[in-house]
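Chemist: Take this structure first; my questions come after.
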């Protein structure tokens with residue numbers, strides 16, 4: 001249960017490498033005002049720990065009740081039908097050859113260093129992979145030219161399904177050594193193996209708009225719409241580039257909408273996400289982060305802010321005022337044997353991490369903090385019979401009366417039986433449906 005310990009670091013690193021955001025023509029995206037969690041020592045006594053437990057249980061059951069595995073049954077049936085009938089190597093043979101041929105037209109020779117080492121420049125451009133395919137005699141066949149990429153097939157009920165990928169708008173090219181690819185081929189010459197090294201310097205063409213849809217019997221059951229605005233000089237540079245993307249995904253009655261998020265070099269990022277079920281908001285989440293990032297490393301992490309709202313009934317809001325120092329404490333507790341085998345030293349590192357955190361639990365949109373979330377030190381026991389006691393950390397919830405509980409102690413099956421039972425049933429339903 002190290003979720004809390006990694007939350008702010010993960011948020012900042014994730015936002016620092018890829019972000020999504022609004023359709024904004026400005027090259028200088030505005031940073032949203034962070035959510036103010038208030039003072040962490042100002043904890044309201046309006047709700048007792050018992051009342052908060054009841055509220056958590058009620059809200060958790062409502063959230064689980066908004067997700068039904070049967071809502072995804074049509075996707076499960078299509079996926080199984082595709083796997084059984086249309087996904088074999090022989091079925092895709094002509095498609096793979098067509099894709100290879102298109103890729104060859106986007107590849108040019110740069111140089112031949114030697115007889116065994118060749119360099120190529122390659123353009124990865126989704127807009128060049130277009131055409132309509134359907135299934136004939138168990139094989140995918142390209143039947144026509146088109147401006148999009150489309151696969152048409154019959155499902156288990158002989159209803160027509162169409163999967164379509166389309167790009168539009170302006171494009172932006174970006175290069176990076178991280179995109180490059182190096183292939184090694186070995187040919188046996190009768191005595192030994194001859195090695196050939198092929199290097200591809202890839203340039204990715206980023207389209208402004210991407211749309212993916214899946215229809216069944218004329219009804220749309222999946223749609224993914226992505227809008228991207230990328231500002232770069234051509235060579236990927238985390239210290240200077242800006243990227244904004246919106247991404248809305250709809251699957252039957254469920255919607256995940258990345259409404260606004262962005263990354264602005266050298267290390268400012270934000271994200272705003274909403275999840276809906278049946279048109280009703282299930283969860284919203286926002287995050288902002290700043291730091292200093294180069295192509296080689298994350299040089300520093302500054303302030304990270306986040307806010308999560310579940311059904312308007314449960315809010316978690318907080319900030320980490322120094323991500324780098326928080327990470328240093330986490331890394332010491334995870335990796336330094338002199339720390340995690342020494343109780344006083346370990347607890348000092350926990351205190352260092354908590355000094356950086358201000359994370360609170362709120363209910364029903366109130367500005368009054370009802371509990372704090374922080375890290376706690378817990379004895380793991382004696383491993384391998386060495387006689388040394390090992391220590392670990394986990395999230396802790398602390399109430400206004402001073403009582404505190406590790407998540408492993410608080411969120412138990414006995415304490416939240418109804419939620420655990422409903423969650424287990426839901427997970428089991430998905431496992432049975434999708435066979436994992």
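The values are calculated or read from the model by the stated rules, or taken from the named source; none is laboratory data. As the structure is a computational prediction, the values presented were derived from the model and not from experiment. Cβ: placed from backbone, ideal geometry, glycine included. Neighbour counts: every protein chain shown.
Chemist: Tell me, which strands (runs of 3 or more DSSP E) lie completely within the range 163-274 with 2 or more residues that are at positive phi? Explain how you work it out, then say what you get.
Modeler: Values: elements: 181-188, 193-216, 219-231, 242-251, 254-264.
Filter on the range 163-274 gives an empty set.
Chemist: So, one more: Taking the range 212-227 as the region of interest, how many residues are over 17 Å from residue 172 (Cα atoms) and surrounded by 14 or more Cβ atoms within 10 Å (Cβ to Cβ)?
Modeler: To start, the set of residues in the range 212-227 that are over 17 Å from residue 172 (Cα atoms) comprises 212-225.
Those still in the list that are surrounded by 14 or more Cβ atoms within 10 Å (Cβ to Cβ) too: 212-216, 221-225.
Summing the residues that are over 17 Å from residue 172 (Cα atoms) and surrounded by 14 or more Cβ atoms within 10 Å (Cβ to Cβ) in the range 212-227 gives 10.
Chemist: A further question follows. Go through the residues of the range 388-399 one by one and say whether even a single one is surrounded by fewer than 16 Cβ atoms within 10 Å (Cβ to Cβ), assigned to a helix (DSSP H, G or I), modelled with pLDDT under 95 and assigned by TED's automatic domain parsing to the domain that holds residue 308.
Modeler: Checking the range 388-399: not a single residue is surrounded by fewer than 16 Cβ atoms within 10 Å (Cβ to Cβ), assigned to a helix (DSSP H, G or I), modelled with pLDDT under 95 and assigned by TED's automatic domain parsing to the domain that holds residue 308.
Chemist: Looking for something surrounded by fewer than 23 Cβ atoms within 10 Å (Cβ to Cβ) and within 27 Å of residue 47 (Cα to Cα) - is there at least one such residue anywhere in the range 291-300?
Modeler: no
Chemist: What number of residues within the range 313-344 are under 30 Å from residue 47 (Cβ atoms) and over 23 Å from the mean Cα position of the chain (by Cα)?
Modeler: First pass over the range 313-344, keeping only residues under 30 Å from residue 47 (Cβ atoms): 313-321, 326.
This time we only want the ones that are over 23 Å from the mean Cα position of the chain (by Cα), so: 313, 321.
The number of residues fulfilling the criteria is 2.
Chemist: If I ask for residues that are farther than 25 Å from residue 215 by Cβ and in a helix (DSSP H, G or I), which ones from the range 65-95 would you list?
Modeler: Of everything in the range 65-95, those that are farther than 25 Å from residue 215 by Cβ and in a helix (DSSP H, G or I) turn out to be 65, 93.
Chemist: Residue 193: in the same structural domain as residue 73 (by TED's automatic domain parsing) and surrounded by fewer than 17 Cβ atoms within 10 Å (Cβ to Cβ), yes or no? Quick ask: steps written out before the conclusion?
Modeler: Working: in the same structural domain as residue 73 (by TED's automatic domain parsing): yes; surrounded by fewer than 17 Cβ atoms within 10 Å (Cβ to Cβ): yes.
In short, yes.
Chemist: Looking at the range 89-108, which of its residues are free of Cβ contacts under 8 Å to residues at least 24 places away in the same chain and farther than 19 Å from residue 205 by Cα?
Modeler: Keep residues of the range 89-108 that are free of Cβ contacts under 8 Å to residues at least 24 places away in the same chain, which gives 89, 96-97, 100-101, 103-106, 108.
Those that are free of Cβ contacts under 8 Å to residues at least 24 places away in the same chain and farther than 19 Å from residue 205 by Cα: 89, 96, 97.
Chemist: Please enumerate the residues belonging to the range 117-141 that are assigned to a strand (DSSP E or B) and more than 30 Å from residue 199 (Cβ to Cβ).
Modeler: The initial filter retains those residues of the range 117-141 that are assigned to a strand (DSSP E or B), namely 117-124, 131-136, 139-141.
Within the range 117-141, 132, 133, 134, 135, 136, 139, 140, 141 qualify.
Chemist: Can you tell me which condition residue 408 does not meet? The list is (1) in contact with a strand residue (DSSP E or B) (Cβ under 8 Å, 6 or more places away or on another chain); (2) over 28 Å from residue 311 (Cα atoms); (3) at pLDDT below 95, and all the others hold.
Modeler: Checking residue 408 against (1) in contact with a strand residue (DSSP E or B) (Cβ under 8 Å, 6 or more places away or on another chain); (2) over 28 Å from residue 311 (Cα atoms); (3) at pLDDT below 95, the one that fails is (2).
Chemist: Which is at positive phi and surrounded by 14 or more Cβ atoms within 10 Å (Cβ to Cβ), of 131, 138?
Modeler: Values: 138 fails: surrounded by 14 or more Cβ atoms within 10 Å (Cβ to Cβ).
On inspection, the qualifying residue turns out to be 131.
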